[in-house]
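Written out below as structure tokens is the structure these notes cover.
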Amino acid sequence: MPLSVQETEIKNPPVSRPPLDPHLKALENEAIHIFREVAAEFEKPVMLYSIGKDSSVLLHLARKAFHPGRVPFPLLHVDTTWKFREMIEFRDEIAEKYDLDLVVHTNQRGKAENITPFTHGSAFYTDVMKTEALRQALDAGGYDAAFGGARRDEEASRAKERIYSFRTPDHKWDPRNQRPELWNIYNGMIKKGESVRAFPLSNWTEVDIWRYIQAEDIPLVPLYYAAERPYVERDGMMILAEDPRLELLPGEKVQRGMIRFRTLGCFPLTGAIRSNATTLEEVIAELEIATVSERQGRAIDRDQSGSMEKKKREGYF
Amino acid sequence: MSATATANAASANVIPFAESAAKAHRDTRPLRLITCGSVDDGKSTLIGRLLWDTKAVKEDQAATLARDSGSQNDLGLPDFALLLDGLQAEREQGITIDVAYRYFSTDRRSFIVADTPGHEQYTRNMATGASTADLAVLLADARAGLLEQTRRHATIAALMGIRQFVLAVNKIDLVNYDKAIFEKIAHDFREFALSLGVRQITAIPMSALKGENVVYPATASMPWYEGPTLIDALELATVRSAQAGGFRLPVQRVSRPGESFRGYQGTVAGGSIKPGDSVAILPSGTVANVKQIVTFDLVRNAAVAGDAITLVLDRQVDVSRGDMIVSIDGPPMTGLDFDAQLVALQPGGIEPGKRYWLKSGSRRQRVTVEPIWQLELATGAWQPHASTLQMNAIGKVRLSFEETAIFDAYEQNRSTGAFILIDPDTLNTVAGGMITAKRGETGGIHREGQRVLLSLPADLAEQIMASELFASRRDETEIRRMTAKQAAEIFSNAASDI
């Protein structure tokens with residue numbers, strides 16, 4: 001790849017952006033270090049790309065880590081076919097804009113059996129269309145390392161996760177037997193068939209993610225910003241009502257209001273919040289006085305006790 | 001959080017603490033700290049209190065807690081231990097198994113807490129948490145005073161290079177806020193910490209359960225205490241950096257996006273660099289000059305310890321992953337034999353003579369380990385020990401390499417002086433270690449030109465001088481007799497340089 005192509009990527013002249021504050025700079029440095037270490041030590045890394053804000057930050061950091069070279073591994077999107085329309089549009093735009101290798105995988109078995117979040121319940125649906133699909137995609141690609149955007153502050157079992165999280169050949173996580181991880185020295189030695197999940201954003205918090213997006217001017221799916229959108233209320237969640245596959249239950253009606261999303265997943269399982277925050281500054285201001293956590297809008301975390309740990313043990317990110 | 005906050009502790013959980021965060025300006029890197037103490041000392045309560053009073057716990061998380069525990073304590077707060085013990089097995093057994101990382105922030109800075117289990121069989125987990133920490137918070141129960149366990153934790157923390165201690169004398173309410181009890185424990189601890197070489201010590205009387213002197217001061221119940229709250233102490237602590245020593249760049253990868261560009265990517269592990277500086281590439285010893293420091297945003301005119309950079313040199317040289325680019329003035333030690341301290345992390349222990357993989361920075365190479373001493377944690381004394389170092393043991397060892405190794409002493413550089421050992425059969429991480437010195441031809445830990453000044457009672461000095469070892473090297477020593485006062489002066493003058 002000729003160098004000149006990469007150089008044109010820098011759209012804003014450097015002087016227009018103030019330097020990162022030391023806190024964000026330290027987090028950025030750590031993440032870049034992890035990206036480079038994994039890329040150097042593993043034969044076939046891949047980056048899980050979920051199109052959300054954390055993935056957007058992760059991708060930005062990957063581009064920084066390997067500049068002026070290209071990102072030296074593909075991005076993998078596990079498409080459940082139930083993502084928000086705007087997510088898919090955004091994904092394809094970004095892949096083209098940044099010259100990325102994008103791999104999209106859907107669990108064809110689940111699709112053929114028509115497994116949906118409406119008909120099979122969130123736990124079973126997630127297991128088939130996300131966890132099983134992810135295992136299929138990782139096996140198919142022969143990847144020995146997979147980057148993910150998970151953060152330790154998200155959820156209790158994630159607080160115990162290593163930065164290099166070791167997985168058995170069938171993608172199992174054994175939380176009681178994790179490899180010790182001292183200093184910033186990561187053990188990348190594995191046997192054939194084994195793999196690691198690597199988490200460069202482990203030490204970031206939700207506020208850090210937003211501040212970094214602001215400081216670095218990182219593009220996001222517009223659903224993160226408030227707009228007047230159609231929705232229905234179901235099980236205490238506001239579900240976006242734009243996909244024809246969403247069938248109204250008795251007593252439900254489509255309403256309109258200023259809403260936005262704090263996290264993005266499958267639209268039937270992701271609740272919106274009421275908000276007037278239409279800009280990044282307003283989103284951050286709203287976040288800083290928030291009294292509930294970001295995953296509060298995620299149905300899959302709540303479907304059973306110890307839910308995330310169970311899913312993680314089975315291979316979910 | 002401002003030091004002048006005067007909210008009363010009972011209403012602490014409703015103070016809209018986060019509001020001021022909107023204006024936050026973080027002028028420092030996150031402070032990494034480790035908390036040490038057993039469940040009985042109230043460690044979970046303390047961390048829970050920190051997270052709660054800094055609004056790091058959100059309402060839905062608290063609701064999940066309330067649902068899981070089905071009960072609240074007397075103050076109407078959730079059971080914090082459940083918040084902290086995230087794994088199913090931990091909840092079932094009511095114990096903390098593994099290191100967990102917690103995040104909270106004030107408007108002054110943000111914090112990363114390594115929350116480690118307290119029991120002796122988890123020494124390895126404590127060492128893991130301590131490896132990246134700038135500061136250790138050690139808990140003591142005001143009713144029990146300093147326990148062997150507190151001393152053990154302090155010893156391990158000091159060994160892992162932590163130079164700032166906070167002693168949290170918890171449950172002070174249960175001894176009627178007795179100033180004398182607090183001062184006795186604080187005094188004993190200070191003496192002990194000084195003996196470990198730690199001089200930055202803050203002792204704080206507190207009740208984590210009631211939130212006194214954690215985030216909010218407790219002037220009503222402890223008018224005699226004028227020191228900082230825990231959060232004040234944490235806000236004032238310093239973040240260690242390796243900017244003072246020589247330049248170190250362990251090369252992680254070579255970037256060659258096109259024929260015209262060759263850059264060496266890595267994270268600066270010490271010192272600083274700017275274009276034009278002369279550097280050496282180790283182990284080859286090749287010399288070159290820095291042409292450019294490339295980052296995504298701009299071509300930079302300097303980089304310092306901690307920066308992830310891409311370095312371009314002014315000439316074609318052979319550099320590959322695992323090499324280290326260093327300043328010509330003040331290079332690290334290179335050689336085949338080093339002395340180190342290590343913590344054994346796995347059930348098989350560390351076996352003498354076995355060939356392990358050693359990874360330090362980006363460099364991985366074969367090594368054999370010869371145990372010499374083992375730390376007796378109960379007394380802090382080193383005992384001769386040449387056999388396998390069992391799991392959780394801390395030992396002094398000799399490392400023998402087959403190819404040139406590159407290190408700084410850990411006390412000089414926590415990055416280039418640290419390593420892990422990997423078992424070649426299981427590929428698991430089996431030890432964490434710290435380089436103390438390069439071993440000279442004579443076999444002693446004899447770094448050239450280094451001297452140690454001791455001040456001893458005359459009778460003890462007589463005994464040492466009477467020993468065979470001393471007699472054999474009498475011509476290398478220098479002895480002065482003086483009064484205790486004169487000796488104290490010399491040491492107070494020298495202390496800042498040590």
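Considering (1) under 30 Å from B:Gly349 (Cβ atoms); (2) of a type outside the set (S, T, N, Q); (3) under 20 Å from the mean Cα position of the chain (by Cα), say which one B:Leu147 fails and leave the rest.
Just one mismatch for B:Leu147, condition (3).
With A:Gly121, A:Gly149, A:Gly141, A:Gly110 as the choices, which residue is within 16 Å of the chain's Cα centre (by Cα) and either more than 14 Å from chain B (Cβ to nearest Cβ) or more than 25 Å from A:Ile209 (Cβ to Cβ) (or both)?
A:Gly149
Just to check your reading of the model, which residue among B:Ala220, B:Ala193 is surrounded by fewer than 17 Cβ atoms within 10 Å (Cβ to Cβ) and of a type in the set (A, V, I, L, M, F, W, C)?
Among B:Ala220, B:Ala193, only B:Ala220 is surrounded by fewer than 17 Cβ atoms within 10 Å (Cβ to Cβ) and of a type in the set (A, V, I, L, M, F, W, C).
Within region B:369-385, identify whether any single residue is within 29 Å of B:Thr267 (Cβ to Cβ), out of contact with any Pro (no Cβ under 8 Å at 6 or more places or on another chain) and either outside any strand (DSSP E or B) or within 14 Å of chain A (Cβ to nearest Cβ) (or both), and answer yes or no.
No, the conditions are met nowhere in region B:369-385.
With respect to the numbered conditions (1) modelled with pLDDT of 95 or more; (2) out of contact with any Asp or Glu (no Cβ under 8 Å at 6 or more places or on another chain); (3) within 9 Å of chain B (Cβ to nearest Cβ), which one is the sole condition not fulfilled by A:Val15?
Among (1) modelled with pLDDT of 95 or more; (2) out of contact with any Asp or Glu (no Cβ under 8 Å at 6 or more places or on another chain); (3) within 9 Å of chain B (Cβ to nearest Cβ), A:Val15 violates only (1).
If we scan region A:163-176, do we find a residue that is at the interface with chain B (Cβ under 9 Å from one of its Cβ atoms) and not hydrophobic (A, V, I, L, M, F, W, C)?
Checking region A:163-176: at least one residue is at the interface with chain B (Cβ under 9 Å from one of its Cβ atoms) and not hydrophobic (A, V, I, L, M, F, W, C).
If you check A:Glu155, A:Glu132, which single one turns out to be of a type in the set (Asp, Glu), more than 27 Å from B:Asn125 (Cβ to Cβ) and either more than 9 Å from chain B (Cβ to nearest Cβ) or under 19 Å from the mean Cα position of the chain (by Cα) (or both)?
Checking each option against the conditions leaves just A:Glu132.
Could you run through region A:219-244 and say how many residues are surrounded by 18 or more Cβ atoms within 10 Å (Cβ to Cβ) and within 25 Å of A:Val57 (Cα to Cα)?
6
Please state which one of A:Ile239, A:Ile300, A:Ile289, A:Ile284 is at pLDDT 90 or above and of a type in the set (Val, Ile, Thr).
Of A:Ile239, A:Ile300, A:Ile289, A:Ile284, the one residue that is at pLDDT 90 or above and of a type in the set (Val, Ile, Thr) is A:Ile239.
Within region B:318-366, can you find the residues that are buried (at least 19 other Cβ atoms within 10 Å of the Cβ), β-branched (Val, Ile, Thr) and away from chain A (no Cβ under 14 Å)?
B:Ile325, B:Val326
Out of the residues in region B:297-308 that are surrounded by 21 or more Cβ atoms within 10 Å (Cβ to Cβ) and at the interface with another protein chain (Cβ under 9 Å from one of its Cβ atoms), which is nearest to B:Arg253 (Cα to Cα)?
B:Ala308
In this structure, is B:Ile406 touching a Ser or Thr at 6+ places or on another chain (Cβ under 7 Å), closer than 30 Å to B:Gly270 by Cα and modelled with pLDDT of 90 or more?
yes
Tell me, which strands (runs of 3 or more DSSP E) wholly within region A:184-273 include 2 or more residues that are under 30 Å from A:Ala26 (Cβ atoms) and in the same structural domain as A:Glu30 (by TED's automatic domain parsing)?
Counting at least 2 such residues, we get A:195-198.
Within region B:177-189, can one find any residue that is part of a strand (DSSP E or B), β-branched (Val, Ile, Thr) and either modelled with pLDDT of 95 or more or out of contact with any helix residue (DSSP H, G or I) (no Cβ under 9 Å at 6 or more places or on another chain) (or both)?
There is no residue in region B:177-189 that is part of a strand (DSSP E or B), β-branched (Val, Ile, Thr) and either modelled with pLDDT of 95 or more or out of contact with any helix residue (DSSP H, G or I) (no Cβ under 9 Å at 6 or more places or on another chain) (or both).
If only one of A:Gly52, A:Gly69 is modelled with pLDDT under 95 and within 26 Å of B:Arg364 (Cβ to Cβ), which one is it?
Unique residue meeting the criteria: A:Gly69.
Of the residues in region A:67-107, how many are farther than 22 Å from A:Gly141 by Cα and within 14 Å of chain B (Cβ to nearest Cβ)?
Final tally of qualifying residues: 3.
Scan region A:123-135 and give yes if some residue there is part of a helix (DSSP H, G or I) and closer than 27 Å to A:His33 by Cα, otherwise no.
Scanning region A:123-135 turns up at least one residue that is part of a helix (DSSP H, G or I) and closer than 27 Å to A:His33 by Cα.
I'd like to know if region A:246-255 contains one or more residues that are more than 25 Å from A:Ala159 (Cβ to Cβ), of a type in the set (S, T, N, Q) and modelled with pLDDT of 90 or more.
Yes, the conditions are met somewhere in region A:246-255.
The values are calculated or read from the model by the stated rules, or taken from the named source; none is laboratory data. None of the values given here were measured: they were computed from a predicted structure. Cβ coordinates were reconstructed from backbone atoms using ideal geometry, including for glycine residues, and neighbour counts include every protein chain displayed.
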